[in-house]
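The values are calculated or read from the model by the stated rules, or taken from the named source; none is laboratory data. Only a predicted model underlies this, so the values are computations on that prediction, with no experimental measurement involved. Note that each Cβ is placed from the backbone with ideal geometry, even for glycine, and that neighbours are counted across all protein chains shown. Please note that ligands, DNA and RNA were not included when accessible areas were found on the heavy atoms of the full protein model with its side chains. Shrake-Rupley method; radii C 1.70, N 1.55, O 1.52, S 1.80 Å.
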Protein chains: 2
Amino acid sequence: MARIVMKFGGTSMAGTERIRTVAKLVAREVAQGNEVAVVVSAMAGETDRLVNFCREANPRYDPAEYDVVVASGEQVTSGLLALTLQAMGVPARSWLGWQLPIRTEEAHARARISDIDTGALSAAMAKGEVAVIPGFQGMMDDGRISTLGRGGSDTSAVAVAAAVKADRCDIYTDVDGVYTTDPRIVARARKLDYVTYEEMLELASVGAKVLQTRSVGLAMKEGVRVQVLSSFVEGDEAPAKGTMIVSDEEIEEHQMERQLITGIAHDKNEAKIIVTRVPDKPGAVASIFGPLAAAGINVDMIIQNVGRDKGETDVTFTVPGADLLRSIDLLEGAKDKIGFNRILSDDKVAKISVVGVGMKSHAGVASTMFRALADRGINIQAISTSEIKVSVLIDEDETELAVRVLHTAYGLDAE
Amino acid sequence: MARIVMKFGGTSMAGTERIRTVAKLVAREVAQGNEVAVVVSAMAGETDRLVNFCREANPRYDPAEYDVVVASGEQVTSGLLALTLQAMGVPARSWLGWQLPIRTEEAHARARISDIDTGALSAAMAKGEVAVIPGFQGMMDDGRISTLGRGGSDTSAVAVAAAVKADRCDIYTDVDGVYTTDPRIVARARKLDYVTYEEMLELASVGAKVLQTRSVGLAMKEGVRVQVLSSFVEGDEAPAKGTMIVSDEEIEEHQMERQLITGIAHDKNEAKIIVTRVPDKPGAVASIFGPLAAAGINVDMIIQNVGRDKGETDVTFTVPGADLLRSIDLLEGAKDKIGFNRILSDDKVAKISVVGVGMKSHAGVASTMFRALADRGINIQAISTSEIKVSVLIDEDETELAVRVLHTAYGLDAE
């Protein structure tokens, strides 16, 4: 017997028939003697519909009332899943965010879960009743409804799993796991059986959209074992095994030999900025990044080139593509203080990252990377590294080629 | 300054534009210095959509989960009205049933309000903030969401008005008041300025569908002054004065001379049953109505005709049309015990009622009625009376003719 939290997204909850498929997956876990809590999203499209109503009502909406409106989507699906389970003879009841309660703090519309009261929840699960919990919502200390921000249901599921000390948190989605790279680019991409929290964070943050990044961070902090798997099953079939996201230690136990590299991620949402002929003196670089940091713009991949002219340097860095114009405005506004010549920018760039907890030295990984890319004539514009990844910035047009070349170079291609 | 509860139904809340019209009506009351609470229904069609989801999920649905699902409709509109008021610069916030709380008892899906905590509500209203309250919903003692049954928002509004001791409860709807009779039948029907609770109960229960009967009963019990008026106004126009539903005493203060008759109601949802040749002995009639009462079937208009044969009698009565087949089944099941010959039935009948607190003697009212109907050849099949009404059962085809004839006979036609 295990204690399991299952989470189903909007496509899985879109309408009576899909909810019935979900209920069968839940009933299967119950039949195996497991204690089950289920976290659900609103029906696909419903949250957008409700958000639009709020915008129409008041373009600068009060987030407290926004939360009242949008939280209703998950309220509906949690009631409907409880009803569907009951129709199959599986005892079930819904527990709304304010009923448990799931306490949150900070701001409406982007709240953070601070505490989940598990008294009633554990009692219900222990007596064999499935607890159906709307994702994305909670309650502020003042008794008002809060929501966690778009995609927050993954985080709700992980938080519930941590609170009830679940053996596993199964996140059902429309893909069947985490792959070594985007299968739409590399046909021979392999589904990973295991991936560490750290790797998943890097893979998610650089473009593999499977789980909300926040939920992975929470799972890592709380030690929640997460499985990503597909809710699209035929008839009464068991769902296929997905990818387990676990601690480094657990992977050590399961795998004799570790891959050097776990996966290749790509991200086309970066933009490159070059600030030319900045005075090469202390404080100059700080004067560039100060205004960007103050505006909450996330600067990545910084390179300083010694300029042709003595005492001057070119500074190259990347920002999220959506922040490009704002970044340029901020820099132009500080031109006198920074003392640069001009700003060049390019949003036709892509960041390619090789990720792996097993990488022993960045030098070895990087040299394989540079050689493989150079062999195909791909020019590297910038480099950055973290504990478990090496990233390069290249021309956006070469994204797919680079991903394929690296996937082969690190021996990730399926047989 | 007055304290006012305003209630808006589903057609008034159907979409952003309609909600903006509602917000203008609310803002108008606030601008006059009034303290305002607003009770809202779900958008027209939304409750049906949610009820259908429940039926699809589980035909024999758990009413507790049904309540979770359907209560979401009013949650959405209360948030949206608060947002719309804020956009107009009117301070407002939503108060969900469980937040006040509005406590209910008895059964899910047909709960009764037992108590409304007015602490937070009165404080908010007193500081000039409009309290927007979803109708139709409350909270059971176990902390679960309850709903009051279809049309329950009228009752919510009256209950809130009673709790906050409102000077008036304005029920905005798609008609502009209560008429002397159905204006679709009698073009010269007049809008009433005042009507008593008792008259409204009779007019509502016999077919004038303006207010939920339960809400009128509650208003009478709590002494809440209710106004029925139209939410359909042009631009920034003030709403037209509607019909006030008040106590007999208040009408006495306002009106020098009382009309004998206030209105004419009709109801085509009755069916007639004739049980022939029942033994004319003590207990026989009781054996007919016992099984019907036990099944919760509401029997009206009973006549006992002495039969042609000695020691036998025919018993005629009416039941709601929806209960006709069930009533016949029940009577056939008790045939041996009752000892009748056969059952005749007719659902092509209509009940026409003349209603008026001012009627001094039933005899006078009735004789005018019989003469007027006889003059037009309309045959009376049964008669019943209460303190403030006289009803007759006639052929359904003659409904409109009878209503017009009586409207004229009692001097109700507009000039």
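Can you tell me the orientation of helix B:152-163 relative to chain B, as the angle in degrees between its alpha-carbon axis and the longest Cα principal axis, to the nearest 10?
The answer is roughly 60 degrees.
Looking at chain A only, what percent of DSSP beta bridges run antiparallel? Nearest 5 please. Write down the numbers at each step before the final one.
Values: 47 of 74 bridges.
Close to 65 percent.
Where the only charges are on Cβ atoms (+1 Lys, Arg; -1 Asp, Glu), what is the dipole of chain A about its Cα centre, to the nearest 20 debye?
Working: 45 positive and 59 negative charges, 49 e Å.
Dipole about the Cα centre, nearest 20: 240 debye.
Within 10 Å of each Cβ of A:138-145, how many other protein chain Cβ atoms are there on average?
Shielding by partners across A:138-145 averages 2.
Under the convention of a label 7 Å out along Cα→Cβ, give the distances in nm from B:LYS337 to the same position in every other copy, shortest first.
9.3
Using only Cα atoms and rounding to the nearest 10 degrees, what angle (0 to 90) does helix B:284-294 make with the longest principal axis of chain B?
It is inclined by approximately 20 degrees.
How far is the Cα center of the stretch B:373-406 from the Cα center of the stretch A:234-275, in Å?
So the separation of the two Cα centres works out to 80 Å.
Which angle from 0 to 90°, rounded to the nearest 10, does the C-alpha axis of helix B:72-87 make with the longest principal axis of chain B?
Once rounded, the angle reads 40 degrees.
Take the solvent-accessible surface of the protein heavy atoms, probe 1.4 Å, and return the percent of it on the protein assembly as shown that carbon and sulfur atoms account for.
Values: 16700 of 34920 Å².
So the carbon and sulfur contribution to the accessible surface is 48 percent.
Which residues belonging to the stretch B:93-127 lose at least 10 Å² of 1.4 Å-probe accessible area when the assembly is complete, relative to their chain isolated?
Residues meeting the cut-off: B:ARG93, B:SER94, B:LEU96, B:TRP98, B:GLN99.
For the protein assembly as shown, take N as its residue count and report Rg(C-alpha) divided by 2.2 N^0.38 Å. Before the final figure, lay out each step's value.
On the way: Rg = 35.7 Å, N = 830, 2.2 N^0.38 = 28.3 Å.
Normalised Rg, Cα atoms only: 1.26.
Please report the buried accessible area for the interface of A with B, total over both chains, probe 1.4 Å, in Å² to the nearest 100.
Details: alone 19040 and 19010 Å², together 34920 Å².
Chains A and B together bury roughly 3100 Å² of accessible area.
Measuring with a 1.4 Å probe in the full set of protein chains, what accessible area per residue, in whole Å², belongs to the stretch B:1-127? Each step should come with its number before you reach the end.
On the way: 4470 Å² over 127 residues.
Accessible area per residue: 35 Å².
Once a ≥ b ≥ c are taken as the square roots of the eigenvalues of the Cα gyration tensor of the stretch B:143-273, is the result rounded (a/c under 1.5), prolate (a/b larger than b/c) or oblate (a/b not larger than b/c)? Each step should come with its number before you reach the end.
Working: a/c = 1.33, a/b = 1.14, b/c = 1.16.
Note, shape of the stretch B:143-273 comes out rounded.
Under the definition of partner shielding as Cβ atoms of other protein chains within 10 Å of a residue Cβ, what is the mean value for peptide B:84-90? Write down the numbers at each step before the final one.
On the way: counts 6, 3, 6, 7, 1, 0, 0.
Across B:84-90, the average partner-chain Cβ count within 10 Å equals 3.
Given charges of +1 on the Cβ of Lys and Arg and -1 on the Cβ of Asp and Glu, with all other atoms neutral, how large is the dipole of the protein assembly as shown about its Cα centre, in debye to the nearest 20? Please report the intermediate quantities before stating the final value.
Numbers: 90 positive and 118 negative charges, 37 e Å.
I would put it at about 180 debye.
Take the residue pairs B:LYS335/B:LYS389; A:LYS272/A:LYS310; A:LYS24/A:LYS127; A:LYS209/A:LYS389; B:LYS221/B:LYS351 and return only those whose Cα atoms are more than 29 Å apart.
Numbers: B:LYS335/B:LYS389 34 Å; A:LYS272/A:LYS310 24 Å; A:LYS24/A:LYS127 20 Å; A:LYS209/A:LYS389 18 Å; B:LYS221/B:LYS351 27 Å.
Table pairs above 29 Å Cα-Cα are B:LYS335/B:LYS389.
Tell me which B residue has its C-beta closest to the axis rotating B onto A, and the distance in Å?
Nearest residue, distance rounded to whole Å: B:SER72, 2.
Of the GluC sites (Glu not before Pro) in the stretch A:212-276, which ones lie in a loop per DSSP and count no more than 13 other C-beta atoms within 10 Å? Mind dumping the intermediate values first?
Working: sites: A:GLU222, A:GLU234, A:GLU237, A:GLU249, A:GLU250, A:GLU252, A:GLU253, A:GLU257, A:GLU270; in loops: A:GLU234, A:GLU237, A:GLU257.
Loop-located and lightly packed - A:GLU234, A:GLU237, A:GLU257.
Output, in nm with one decimal and in ascending order, the distances from the A:GLU387 label point to the matching label points of the other copies (7 Å from Cα along Cα-to-Cβ).
Shortest to longest, the spacings are 8.1 nm.
Measuring nothing but label to label, 7 Å from Cα along Cα→Cβ, what are B:GLU400's distances to the other copies in nm, shortest first?
Distances between equivalent label points, in nm: 7.0.
Find how many whole Å separate the alpha carbon centroid of the stretch B:90-122 from the alpha carbon centroid of the stretch A:59-90.
Answer, in whole Å: 19.
In debye, nearest 20, what is the charge dipole magnitude of the stretch B:98-192 about its Cα centre with +1 on Lys and Arg Cβ and -1 on Asp and Glu Cβ, if you could check?
On the way: 12 positive and 13 negative charges, 83 e Å.
Dipole about the Cα centre, nearest 20: 400 debye.
Counting partner chain Cβ atoms within 10 Å of every residue's Cβ in A:57-66, what's the average? Working shown, then result.
Details: counts 13, 9, 2, 3, 7, 8, 0, 5, 13, 3.
Mean number of neighbouring Cβ atoms from other chains: 6.
Which of the listed residues, B:ALA334, B:THR408, B:GLY311, is farthest toward the dipole's positive end in the stretch B:260-415, when Lys, Arg count +1 and Asp, Glu count -1 at the beta-carbon?
Comparing the listed Cα positions along the dipole, B:GLY311 ranks first.
For a quick protection proxy, order the peptides B:15-26, B:106-117, A:31-42 by their average other-Cβ count within 10 Å, most packed first.
A:31-42, B:15-26, B:106-117
Given B:ILE251, B:THR77, A:ILE102, which one lies farthest toward the positive end of the charge dipole of the protein assembly as shown, if we put +1 on the Cβ of every Lys and Arg and -1 on the Cβ of every Asp and Glu?
So the residue furthest toward the plus end is B:THR77.
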